[in-house]
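Undergrad: I have a structure I would like to understand better, so I am pasting it below and will then ask my questions one at a time.
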Amino acid sequence: MTITIDRRDGTPIRWVADGAGAEPIVDADYQPALYAAAREDRTRHLEWLADELAADPKVAGVTAERHYRTLAAEERSPTLRIDLDRLGEVRQVAREIRERERREHAPGTLSLYDVDLDPGFRYCLDTGCDPTPNRDLRTLSLSLPPAALAEGDLSNITLEGNRSEDEKSVRERIEADETVREVVERTLAEQDPDVLIVSSAELVSLLGKRGVDLGRRPGYRQLAGESTYVSYGQVGHSPARYAVPGRAIVDRSNSFLLDKSSMAGLEYFVERAGKPLQELARDSIGGVLTAIEIREARKRDVLAPAQKRQTERWKSLETLHSADRGGFSFQPETDNVGGERSSATPGAVHEDVHELDFASLYPNIIREHRVSPETVCCDCHDTADVPELGYSICDSVEGSFLGSVLGPLLDDRSELKRRRRACDGPTPELDAKIEAIKWVLVSCFGYQGYRHAKFGRIEVHEAINAFARECLLTAKEHVEAAGWRVVHGIVDSLWVTPDPDREQTPIREVAGAISDEIGITLEHESHFDWIAFCPRKRSSGAALMRYFGRWNDDAMEDNTDRYKLRGIEARQRSTTAFVERAQRDLLTVFDRERTPQPVCERLARQLGRLRSGAVATADLAITQRVSKHPETYNQATRGKAALERASELGVDRSPGQSVRYVIVDDDRSGPERVRLAFEGPETYDADFYADRLLRAAESVLAPLGWDREDIRQWLDGTRNTTLSSFE
Amino acid sequence: MGAQFPTLDAGVTFLDDRDAPAALYRLVGDHLAGTEGPAYWLDARNAAVPGVIRRHAVGRTAATLRVARAFTGYQHYELVRGLPQRVSPRTTLVVAPNLDALYAEDDVPDQEAETMLEATLAILKELADAVDCPVLVTAESDSERVRAAADRTLDATETRAGLRVDGPAFGTDVYWGPWGYQTTIPYWVELLGTADGARAAEEPLIAETAIPGV
């Protein structure tokens, strides 16, 4: 029913779809609540807190209630429910409680719960309000290029609604003497969108200052200023956030799910998480997962802790060592490569290879083995259920917490994939949902080990890992017994080739038998004519993750590309279009010739073209995610130079955002080292890009045993030969 | 090799290992080799690398060692608070590397971090006295603070002749200033429960379940 949940003066306003438009419903009676519990459940601390809060005007009332403090708790604990008058003041009250506690008690005397929930999500959780719309949402995209945004030049704005007919472009209208304001207002009136997808949230304030009301009522509200944060090991940028009455704002530059999926993916998770679109859209994957977890915890009457205080269990070094081993990894025979100069060592290239993947291995382990914060290392069992680690897993409760969180996602994804298979033609909505769910599923395992994950637990992370290793080892034994040789394996995948000395059971049959035994589907993912694994980079202890291969014809119907690439430059986000194309070109030569020299010949041609200045600079732009402010860089990196240049041009980029630039003179430092892509530079630093190209060539040649030095020697030799032939 | 290092006495010893990162592992290995009984490594910043610890605590030496890793200041504080229930008069060593590190992170508000670090230092000190056990700590950034709270300091340096550890004998300049409540053993016993030596000796590896939170 709901399009967005706004608030005015601390009172929630629910905007519900009503015929063609939307109507506001003011919920003046709503009071948000947070909870406090005391160490060792000592109620006198709660009584003390109740007294302290009695005179606080923000507090509407306090009530002694009992709730579960943890997923594993067997009994409900005494808690103090603290009702507030206004939505949006919970964090403030929590801070004040912490301060009172600090003055009079030992730290950690009180634990607070349900503190950091987004206001709309909180409202939906508390009232049972359904945040899903009951009609197809009408969306309007508003986009403005970054440079125009920086200059406040709105004449370049583009508007595109999902109800648009053949509209005149904004530019055409402006030329026909309409102002930007008139164009935007007329479009809003004609389309009456429910959702505004903006290229940057700053557009809201920019248009607001020009007197344009983007909402269904006048005005806009800034929810938060821009900030930088560190989350899940990555620096993120949280741009300023805005709300307008009656319409949900989705900031395209700040929506992971929209980036990876589409509105259909967002809407799927609005329903699954029970979180309003505007808030869900700006969540990280961890945020989406946390929302689903909090909702599930609520069903179990478990409060969401503000600070995770659960600690790791004390472990022996043996257990710690086993637990820390990471995912399964079977090394192919490439470790010898590199020792022998200039002689191809074909050990890393394998013919006739099948790839077998466990489908959604980690979430399936979580569900199948009931791995969950409340089940692992339970108090009631002394069984050694987790392989290698000997942790117990409680089987006395029905439906594990994590299983309940992830199970529906696994089932939905299977169902959506089934429907997609039944469809002819494109299925963008299904694709988007499948993709969105995938991102949450692939993140669920790592998130368990994330230190700030509200319901995460390190032993759960370790147990999942241990089960996963066991699954892969079991699978390996089976395929080997069936006449296949494992050439490579990592985390949830195995690559196998027929053992020439033995007879093989058909691989799909083997995979089926393994699936039946383990209870998790082992899919026959693909068949390659050949596959090449790059050796590990010497300094890195990481398992092999870089490879490329040519699909067999029987695998081609699913693939438009002839090759599968993983981890090599052409797949990396930071790689320029030029290097990507060049590497793919080298791959086709590799495929045809399978020896290093012809690949090097092609490389030499590419280098020649690069050095002649013939490459378009648009193909040389590097996209980089900014990790810190330019002034905090210790070293003069290219990223820093790009930020300095951006700053000079007035398009400041904050950590977490991206910047696109071309290296024009790598020997310089500061803003002259680069040009931003939108400046359209005419020259580039050929040496710098030659180095990048060489790296890409190295990846292609590494499986053949050639390293950078071999390539250089070959190139030098050729140059000399070429030169002498002209003498 | 034992004679190379000073004996770890009861009380809190701050090891200044900025110039010799391996010193912690050497000292722990050396100490464990000469003792029997449980030892606890309360980790921060992933200093507890099993392979590295074993390299310096060979054979069965490290078999009595138990490790728990904190990843946030709150977890670190809870682990410290749980120590009194865990250690006993049989405990031979408590190690807490990078003691201040997690409190300095952004996720803990400054004032709260300050109070928690103070409490951490006080609990370790009380604990060391109560069970007459060495507590070995290192610091990541605020080393002066940790040094000031410790009973003694060992300075480790890598020299061409090998690791050198200097430990001037002192113990009188213990600094207790900013800590709000003057601690006594009964206070902590009341707050945290007793260190039950007999129980801990019989079942030193029971699962920790007393920590509220998630």
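The values are calculated or read from the model by the stated rules, or taken from the named source; none is laboratory data. All of these numbers come straight from a predicted model, not from anything done at the bench. Backbone-built Cβ (ideal geometry, glycine too); neighbour counts: all protein chains shown. The protein model used for the area step is the full one, side chains on, heavy atoms only, and it has no ligands, DNA or RNA in it. Shrake-Rupley method; radii C 1.70, N 1.55, O 1.52, S 1.80 Å.
Undergrad: When a/c is below 1.5 the answer is rounded, else prolate if a/b is larger than b/c, else oblate, so apply that to chain A with a ≥ b ≥ c taken from the square roots of the Cα gyration tensor eigenvalues.
TA: Since a/c reaches 1.5 but b/c is at least a/b, the shape of chain A is classed as oblate.
Undergrad: Using only atoms on other chains, find how many Cβ atoms lie within 10 Å of each Cβ of peptide A:503-515 and report the average.
TA: For peptide A:503-515, the averaged partner shielding equals 0.
Undergrad: Considering every residue in B:103-112, what mean count of other chain Cβ atoms within 10 Å of its Cβ is obtained?
TA: Other-chain Cβ atoms within 10 Å of each residue's Cβ, averaged: 3.
Undergrad: Order A:SER574, A:SER443 by their accessible area, 1.4 angstrom probe, all chains in place, largest first.
TA: A:SER574, A:SER443
Undergrad: Just to confirm a number: summing +1 for Lys and Arg and -1 for Asp and Glu over residues other than A:TYR242 whose beta-carbon lies under 9 angstrom from that of A:TYR242, what do you get?
TA: 0
Undergrad: How high is the relative contact order of chain A, given as a whole-number percent (alpha carbon pairs under 8 Å, six or more residues apart)?
TA: 11 percent
Undergrad: Distance between the C-alpha centers of the stretch A:272-298 and the stretch B:1-75? Whole Å please.
TA: Here the two parts' Cα centres lie 42 Å apart.
Undergrad: Between A:MET556 and A:ARG76, 0.36 nm times their residue separation minus their Cα-Cα distance comes to what?
TA: Full extension from A:MET556 to A:ARG76 adds 167.1 nm.
Undergrad: Given labels modelled 7 Å from the Cα in the Cβ direction, how far is it in nm from A:LYS58 to B:ALA63?
TA: Placing both labels 7 Å beyond Cα along the Cβ direction yields 5.6 nm.
Undergrad: Over 10 Å intervals from 0, what percent of Cα-Cα pairs in the stretch A:617-683 sits in each interval?
TA: 25, 60, 15, 0
Undergrad: Next up: Can you list the equivalent-ellipsoid semi-axes of the stretch B:1-135, largest first and in whole Å, using the square root of 5 times each Cα gyration tensor eigenvalue?
TA: Each semi-axis is √(5λ); the values are 24, 17, 13 Å.
Undergrad: Now a separate question. When Lys and Arg each count +1 and Asp and Glu each count -1, what net charge do the other residues less than 14 Å away from B:ALA10, Cβ to Cβ, add up to?
TA: With Lys, Arg at +1 and Asp, Glu at -1, the net is -2.
Undergrad: Name the residues of the stretch A:659-694 whose amide N is less than 20 Å from a point 7 angstrom out from the Cα of A:ARG611 along the C-beta direction?
TA: Residues passing the 20 Å test: A:663-667, A:683-694.
Undergrad: Report the gain in length on full extension from A:ARG421 to A:THR623: 0.36 nm times residue separation, minus Cα-Cα distance, nm rounded to one decimal.
TA: 69.2 nm
Undergrad: Cα to Cα, under 27 Å, and not fewer than 8 places away if on the same chain: which lysines meet these conditions relative to A:LYS209?
TA: Correct list for A:LYS209: A:LYS168.
Undergrad: Karplus couplings for the stretch A:266-276 from phi (6.51 cos²θ - 1.76 cosθ + 1.60, θ = phi - 60°), rounded to Hz, Gly and Pro as x?
TA: Couplings: 4, 5, 4, 6, 4, 6, 5, 8, x, 10, x Hz.
Undergrad: Separate question: Quick one: net charge of A:GLU682's neighbours, Cβ under 14 Å, K/R +1, D/E -1?
TA: Once all neighbours under 14 Å are counted, the net charge is -3.
Undergrad: Set the Förster distance to 25 Å, then compute FRET efficiency between A:ASN162 and A:ASP301 from the Cβ-Cβ distance, nearest 0.05.
TA: Result of the calculation: an efficiency of 0.05.
Undergrad: Let me ask something else. Rounded to the nearest 500, what is the 222 nm mean residue ellipticity of the protein assembly as shown from helices alone, with -39500 (n - 2.57) per DSSP H run of 4+ residues and division by all residues?
TA: Computed ellipticity for the protein assembly as shown at 222 nm equals -11500 deg cm²/dmol.
Undergrad: Next question, about the same structure. Run the 1.4 Å probe and let me know the accessible area of B:ARG164, rounded to the nearest 10 Å².
TA: 130 Å²
Undergrad: If you don't mind, another one. Within the set A:LYS454/A:LYS628; A:LYS275/A:LYS454; A:LYS275/A:LYS438; A:LYS564/A:LYS628, which residue pairs have Cα atoms separated by over 24 Å?
TA: On the way: A:LYS454/A:LYS628 26 Å; A:LYS275/A:LYS454 17 Å; A:LYS275/A:LYS438 19 Å; A:LYS564/A:LYS628 34 Å.
Table pairs above 24 Å Cα-Cα are A:LYS454/A:LYS628; A:LYS564/A:LYS628.
Undergrad: Which value in nm describes the separation of the simple spin-label points at A:ASP29 and A:ASP411, placed 7 Å from the Cα toward the beta carbon?
TA: That separation, rounded to one decimal, is 3.4 nm.
Undergrad: Treating the beta-carbon of each Lys and Arg as +1 and of each Asp and Glu as -1, no other charges, what is the dipole magnitude of the stretch A:617-683 about its Cα centre, to the nearest 20 debye?
TA: Rounded to the nearest 20 debye, it is 320 debye.
Undergrad: So, one more: Write out the trypsin sites (Lys or Arg not before Pro) in the stretch B:60-108 meeting two conditions: DSSP loop, and at most 13 other Cβ atoms within 10 Å of their Cβ.
TA: B:ARG60
Undergrad: Compute the separation of the alpha-carbon centres of the stretch A:459-512 and the stretch A:105-144 and state it in Å as a whole number.
TA: Cα centres, the stretch A:459-512 to the stretch A:105-144: 43 Å.
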